[in-house]
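Peer 1: The structure that follows is given in the form of structure tokens.
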Amino acid sequence: HVQLVESGGGSVQVGGSLRLSCAASGLTYSSYCMGWFRQAPGKERVGVAAIDSDGSTSYTDSVKGRFTISQDNEKKTLYLQMNSLKPEDTAMYYCAARSRCTISTWRTVSEYDYWGQGTQVTVS
């Protein structure tokens, strides 16, 4: 029984910061590659950031230099540090896990096996 539980979302002012967390359970965390996605109203779910098994990271262009993905393997927790937040960052943010870790497909929703319920981020 795999569970991914996001936390840390909220409402912040433009330029503010938030740190999202994703607590994983029911899986061998080290066997999966993790990612963060977001979905704004009326838009499809898109990849924000991902971390490979070797620790390398990927980011969508719009968040490069502002967001940082990291993880604590012992705690089985994924993080997304978000700085310099903009209104266009407003979305529901989802944590996801996949057993396939091909770097070229990190943005592909269908590649991920498990999803959290999401945490809302609102920037105004």
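The values are calculated or read from the model by the stated rules, or taken from the named source; none is laboratory data. All values derive from a computational prediction rather than experimental measurement. In this analysis, Cβ positions are derived from the backbone assuming ideal geometry, glycine residues included, and neighbour counts consider all displayed protein chains. When the accessible area is computed, the model is the full protein with side chains, heavy atoms only, and any ligands, DNA or RNA have been set aside. Shrake-Rupley method; radii C 1.70, N 1.55, O 1.52, S 1.80 Å.
Peer 1: Given a 1.4 Å probe and heavy atoms of the protein chains only, how would you sort 52, 72, largest accessible area at the top?
Peer 2: Per-residue accessible area, sorted high to low, gives 72, 52.
Peer 1: A further question on this structure: Give the residue list of GluC sites (Glu not before Pro) in the stretch 44-124 that are DSSP loop and have at most 16 other beta-carbon atoms within 10 angstrom.
Peer 2: 44, 74
Peer 1: Right, something else. Report the label-to-label distance for residue 84 and residue 19 in nanometres (one decimal), using points 7 Å from each Cα along the Cα→Cβ vector.
Peer 2: Distance between label points: 2.0 nm.
Peer 1: How large is ³J(HN,Hα) for each residue in the stretch 58-73, as worked out from phi by the Karplus curve 6.51 cos²θ - 1.76 cosθ + 1.60 (θ = phi - 60°), to whole Hz, x for Gly and Pro?
Peer 2: 10, 9, 6, 3, 5, 10, 4, x, 10, 10, 9, 9, 8, 8, 10, 5
Peer 1: Once you have a ≥ b ≥ c as the square roots of the Cα gyration tensor eigenvalues for the stretch 1-52, tell me rounded if a/c is under 1.5, and otherwise prolate or oblate according to whether a/b is larger than b/c.
Peer 2: prolate
Peer 1: Which percent of the accessible heavy-atom area of the chain goes to carbon and sulfur, probe 1.4 angstrom?
Peer 2: 44
Peer 1: How are the C-alpha pair distances of the chain spread across 5 Å bins, as whole percents from the shortest bin up?
Peer 2: 2, 12, 24, 26, 20, 10, 4, 1
Peer 1: Also: How large is ³J(HN,Hα) for each residue in the stretch 108-124, as worked out from phi by the Karplus curve 6.51 cos²θ - 1.76 cosθ + 1.60 (θ = phi - 60°), to whole Hz, x for Gly and Pro?
Peer 2: 3J(HN,Hα) across the stretch 108-124, in whole Hz: 8, 4, 5, 6, 8, 8, 9, 9, x, 7, x, 9, 7, 10, 10, 10, 9.
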